[in-house]
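In what follows, a single structure is set out as structure tokens and then discussed.
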Amino acid sequence: MPNDSPRSQERTFDAPMPGVPMLLLGILLFPAAIWLFVLGAQRDDRGLSPAPFVIAGIALIPTAILVLRGLVLVNPNHSKAVLLFGVYKGTIRKEGFFWINPFTARHDVSLRARNFESDKLKVNDKSGNPIEIGAVIVWRVKDTAQALFDVDDYVEYVQVQSESALRAMAANHPYDADDAKEGETSLRGSADIVSNELLDEVDRRLERAGVDVMECRLTHLAYAPEIASAMLQRQQADAVIAARTKIVDGAVGMVEMALAQLKDGGIVDLDEERKAAMVQNLLVVLCSERGTQPIVNAGTIYQ
């Protein structure tokens with residue numbers, strides 16, 4: 001995927017401070033501000049200037065808010081990308097409770113594995129047959145900087161690019177092995193190969209978004225409704241032909257075995273005309289779909 005724009009790269013945020021002490025400090029600043037207001041009121045009653053205490057109390061309130069604003073919680077398999085005035089400072093991947101610069105912006109990015117199941121897409125396979133295909137993609141974010149800054153919405157990007165890769169892959173292969181050339185992969189007959197090819201294609205497309213594709217599997221594969229009945233008839237005809245071919249091969253082998261045993265055992269000496277009649281009768285019996293009724297010939301084949 002050619003693109004000349006530079007790619008972002010994730011880096012670790014420099015050691016954040018523990019969050020619990022700063023939480024306690026932020027909570028204690030509020031009663032401290034109230035205490036300063038009380039001292040200022042007492043000085044006012046004595047005729048002294050309360051301004052220093054009042055000003056200090058007022059200053060403690062935004063200070064406490066900023067201290068609490070700097071607290072950040074990172075859950076397991078989550079991360080926080082930290083920006084200061086639009087500049088990327090790093091990502092916190094370590095789970096825990098921390099305190100960082102309160103003027104920073106934090107973006108939560110989940111590092112858990114996610115499933116994306118595509119809709120049933122209607123595409124044409126390599127032979128031009130309209131088919132319906134769907135897949136499930138298992139993915140997770142591996143580079144938070146790329147996911148946040150190199151694409152607009154990395155979740156939507158995964159969905160669009162995955163469906164695009166699925167369409168491209170389906171168009172490169174025939175649906176059935178009967179339409180495939182020798183050594184060519186078909187969608188229905190080579191599920192593992194097709195899944196691995198889809199995995200490589202999706203992974204290549206999502207590399208820019210900092211996404212790692214873990215697994216791809218087809219969840220739906222069928223002919224489109226307008227040709228489904230015709231293709232079903234073709235598949236049934238192919239199955240009947242295959243079954244008949246196997247029956248005929250077996251029958252011919254049994255006839256050969258019967259003639260060979262009769263000859264080797266010296267049971268009966270058959271001329272060519274009798275052999276032909278015997279072969280005919282055996283093939284009728286072995287290849288017939290229904291049970292045959294024997295007919296006893298009291299004469300000879302020459303009468």
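Readers should treat all values here as calculations from the given coordinates under stated rules, not as data from a laboratory. This structure is a prediction, so every number in the text was calculated from the model and none was measured. Using ideal geometry, Cβ is built from the backbone for each residue, glycine included, and neighbour counts are taken over all protein chains shown.
Based on the Cβ-Cβ distance of Val136 and Arg11, what FRET efficiency does E = 1/(1 + (r/R0)^6) give at R0 = 25 Å, to the nearest 0.05?
0.15
Which three numbers, in whole Å and largest first, are the semi-axes of the equivalent ellipsoid of region 17-107 derived from its Cα gyration tensor as √(5λ)?
Value: 37, 13, 6 Å, ordered largest first.
In region 86-166, if the dipole is taken from +1 on Lys/Arg beta carbons and -1 on Asp/Glu beta carbons about the Cα centre, which of Gly96, Gln159, Gly86 is farthest to the positive end?
It is Gly96, whose Cα lies furthest towards the positive end.
Test of understanding: what is the full-extension gain from Glu215 to Trp35, defined as 0.36 nm times their sequence separation minus their Cα-Cα distance?
Length gained, Glu215 through Trp35: 58.7 nm.
Counting other Cβ atoms within 10 Å, which GluC sites (Glu not before Pro) in region 118-194 have at most 15 and lie in a DSSP loop?
Of the GluC sites (Glu not before Pro), the ones in loops of region 118-194 whose Cβ has at most 15 other Cβ atoms within 10 Å are Glu182, Glu184.
When the chain is fully extended, how far beyond the present Cα-Cα distance does Leu66 get from Ala277, taking 0.36 nm per residue of separation?
Residue separation times 0.36 nm, minus the Cα-Cα distance, leaves 65.5 nm.
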